[in-house]
């Protein structure tokens, strides 16, 4: 696995330490209901790669939509939960910089994951994602609205404190990044969840 930068390793350590809490408190099922509906319209069927599958919440929804599913994550603790919840699905320990499969996928789902990559590595990640996709593949990416980057120390439900790295993007900022990495922006919607968590939702096609 490619060497992580310090801020990425800090974030990974947090997910390893709070995997059970995260799986129990993560946004409710079908949080992306309208986004999944739009994704299904753009990609009615096919093989979908989820990047950053976590504990498998979105995996369950993607499988229910009829896709042939493959999930990846870099947290062994979260993958263990995902494999327990969805034992018939395929989950692999891979980070986005090392994605490697014997097939090309028809689409990808990258929800709340690329926001943990330093901005100076986002191009590298997008190029690697593209290399795993068929021409014309459909993708979904969600990111937090904002500007800059930070290591954020947070209090968790059990009273512990842990740190994660976040990269924030303005809509046009990330749209330009997509364009320069040969992704076509097909559709977009803005999804406020809390005062801090205001989600950019990008629906893209691999050129």
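Read the figures in this text as sums done on the coordinates, not as results from a lab. Just so we're clear, the structure is a prediction, and the values are computed from it rather than from any experiment. Positions of Cβ are generated from backbone atoms using ideal geometry, with glycine treated the same way; all protein chains shown enter the neighbour counts.
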Q: At 0.36 nm per residue, minus the direct Cα-Cα distance, what do residue 198 and residue 9 gain on full extension? Give it in nm, one decimal, please.
A: 65.6 nm
Q: Report, in whole Å, the centroid distance computed from the Cα atoms of segment 1-76 and segment 96-115.
A: 10
Q: Calculate for the chain the 222 nm mean residue ellipticity that helices alone would give, adding -39,500 (n - 2.57) per DSSP H run of length 4 or more and normalising by residue count, nearest 500 deg cm²/dmol.
A: -9500 deg cm²/dmol
Q: Count the DSSP beta bridges whose two residues both fall in segment 43-197, then state the antiparallel fraction as a percent rounded to the nearest 5.
A: 30
Q: Starting with the fewest neighbours, write out 121, 196 ranked by other beta-carbon atoms found within 10 Å of each beta-carbon.
A: 196, 121
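In percent, what relative contact order does the chain have, based on Cα pairs under 8 Å that are 6 or more apart in sequence?
20
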Q. Which order, highest average first, do 182-189, 18-25 follow once you tally other Cβ atoms within 10 Å for each residue and take the mean per peptide?
A. 18-25, 182-189
Q.
Can you tell me the length gained on complete extension of the stretch residue 124 to residue 163, counting 0.36 nm per residue apart and subtracting the Cα distance?
A. 11.7 nm
Q) Nearest 0.05, what FRET efficiency do residue 84 and residue 16 give at R0 = 22 Å with Cβ-Cβ as r? A) 0.85
Q | Projected label distance in nm at residue 45 and residue 33, using a 7 Å step from Cα toward the beta-carbon | A | 2.7
